[in-house]
Each structure stands twice: as structure tokens, then as C-alpha cells.
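The values are calculated or read from the model by the stated rules, or taken from the named source; none is laboratory data. Here the structure is a predicted model, which means the values were calculated and not measured. Cβ placement follows ideal geometry from the backbone for every residue including glycine, while neighbour counts extend to all protein chains displayed.
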């Protein structure tokens with residue numbers, strides 16, 4: 001094993017590393033060949049996560065186990081084929097199975113849309129996001145660049161946000177449509193609005209994450225030109241799971 005200073009030293013062409021991992025040196029990092037694990041990428045303040053990436057699942061699992069043995073860890077993210085190889089203590093009881101998508105703004109086809117820009121503190125956003133089981137960015141988050149939405153009269157029926165990653169990538173997050181209005185292509189409308197802004201602002205990449213089982217999202221993002229570039233499993237470990245009924249928002 002070796003100790004590089006950044007995951008990019010080990011996986012310079014990995015899309016997740018290139019666009020989503022901050023430049024700062026992590027508190028701890030281990031590597032073997034083209035596989036790497038590091039401490040960082042916490043979902044919420046105070047949490048400690050280990051992320052493991054690589055093309056050799058067993059090596060990824062071993063690196064994550066070694067790093068977790070030296071540090072108190074609350075959650076783990078690994079490539080999907082490494083999850084079952086982790087020790088039971090490092091397998092989240094409730095892991096999320098998600099995928100990462102990218103689109104080069106230079107290749108984006110941005111047509112007209114009916115979405116509008118929203119005020120950052122629009123009081124309609126929070127209640128609409130209650131319909132989402134995947135939104136993790138909410139009003140007030142300091143990383144927010146913009147909120148956009150589709151209105152029906154004065155009712156907010158679809159919403160999405162953009163955050164800017166340290167890499168400069170425009171990250172589409174918290175896409176949600178009111179259940180009464182689903183199936184009308186409104187998620188496409190809010191994404192197009194953000195895509196247009198990213199193109200105008202010369203963002204180096206458009207990125208998004210979604211649950212693997214989200215077939216409606218897969219159709220929408222694929223039609224917009226996004227390509228799935230990786231699959232992962234993430235989750236809090238048993239000791240760090242919130243009590244039942246706890247809301248993160």
C-alpha cells in the first residue's frame with residue numbers, strides 16, 4: 001500500500017474523482033495499484049466517511065477495511081461490486097444504490113423550457129421537496145447556486161437546484177415534481193434551465209446523481225444527453241443511523 005496525497009493521484013481519469021472530490025488533501029488515504037480509499041466526503045457536518053474506488057473490488061474492500069481500522073467511521077461509499085466484500089461491520093444496514101452521470105456542456109443540446117428562476121428562499125420549495133426520497137440539498141445550503149422551477153398558476157409543481165463543485169462542475173440536485181404533475185416531462189424542463197445556465201457560465205462539466213432503480217430519471221437524463229459513468233453503494237453504519245422517524249432536512 002502507498003499513501004498518495006489525493007485520489008486523483010491514483011485515479012486521474014475517474015469521473016467521480018475528477019468532478020466531485022475536493023482538491024484538499026484528505027485526513028487519511030491509502031492506495032494499491034489503481035485502487036484508493038480515503039477519509040472524507042461527509043454527507044453531513046460531523047460525520048466521517050470512507051470512500052473506496054477502483055477496478056479490483058476485493059482490493060477496494062481491503063483498503064476501506066484498513067483505513068476504517070485506524071479511524072472512527074460513520075459511513076462508507078464504495079463501487080457497487082465492492083460492497084458485498086466489505087466486512088459485515090462496514091456494510092450499511094440501509095445502503096443507497098446510486099449512479100453518477102456526466103454531460104459535457106459543449107455537447108449539451110439545450111432547447112426551450114418553461115421553467116423559471118426562483119428566489120433562493122422561496123417558501124414553496126421546502127414543502128415540494130417533502131415528496132422526494134432522494135433530495136439532499138435544501139434551501140439555506142451555502143453551496144447553492146440557483147433554484148429553478150415550473151409554476152402552475154402560482155403553485156410550484158417541479159423544482160431543481162444547482163450547486164457548484166470545487167472542480168467547477170455544475171451539479172444538478174434535488175429534482176422533484178409534485179406527484180399530481182408527474183409524467184408531463186417537468187423534470188426535463190427544470191434540468192434544461194440549469195443546463196442552459198451551465199453552458200452560459202462555461203461550466204467544465206454537468207453532473208448529477210440518482211438512485212439506480214429510478215427508471216423515470218434514467219429516461220429523462222439519458223434523453224438530455226447525460227451518460228452514466230459509475231455505480232456505487234453508500235450508507236451510514238449501524239451505530240450512526242438516526243432513530244426511526246428522524247428527518248435530515
With the condition being at pLDDT 95 or above and surrounded by fewer than 19 Cβ atoms within 10 Å (Cβ to Cβ), I'd like the strands (runs of 3 or more DSSP E) fully within the stretch 1-71 carrying at least 1 qualifying residues. 29-32
Which residue pairs have Cβ atoms closer than 8 Å, lie 6 or more positions apart in sequence or on different chains, and pair a first residue in the stretch 167-181 that is closer than 15 Å to residue 146 by Cα with a second residue that is assigned to a strand (DSSP E or B) and modelled with pLDDT under 95? 170/164; 171/164
Where residue 213 falls short, out of the listed (1) assigned to a helix (DSSP H, G or I); (2) surrounded by fewer than 15 Cβ atoms within 10 Å (Cβ to Cβ); (3) in contact (Cβ under 8 Å) with a residue 12 or more places away in the chain: (1)
Can you confirm whether residue 116 is buried (at least 17 other Cβ atoms within 10 Å of the Cβ) and under 24 Å from residue 207 (Cβ atoms)? no
Can you name the residue in the stretch 84-127 that is touching a helix residue (DSSP H, G or I) at 6+ places or on another chain (Cβ under 9 Å) and in a helix (DSSP H, G or I) and is also farthest from residue 198 (Cα to Cα) among such residues? 89
Can you tell which of 174, 158, 167 is assigned by TED's automatic domain parsing to the domain that holds residue 119, surrounded by 15 or more Cβ atoms within 10 Å (Cβ to Cβ), in contact with a helix residue (DSSP H, G or I) (Cβ under 8 Å, 6 or more places away or on another chain) and on the phi > 0 side of the Ramachandran plot? 174
Scanning the stretch 128-146 for residues that are over 28 Å from residue 204 (Cβ atoms) and part of a loop (DSSP other than H, G, I, E, B), the one modelled with the lowest pLDDT turns out to be 133
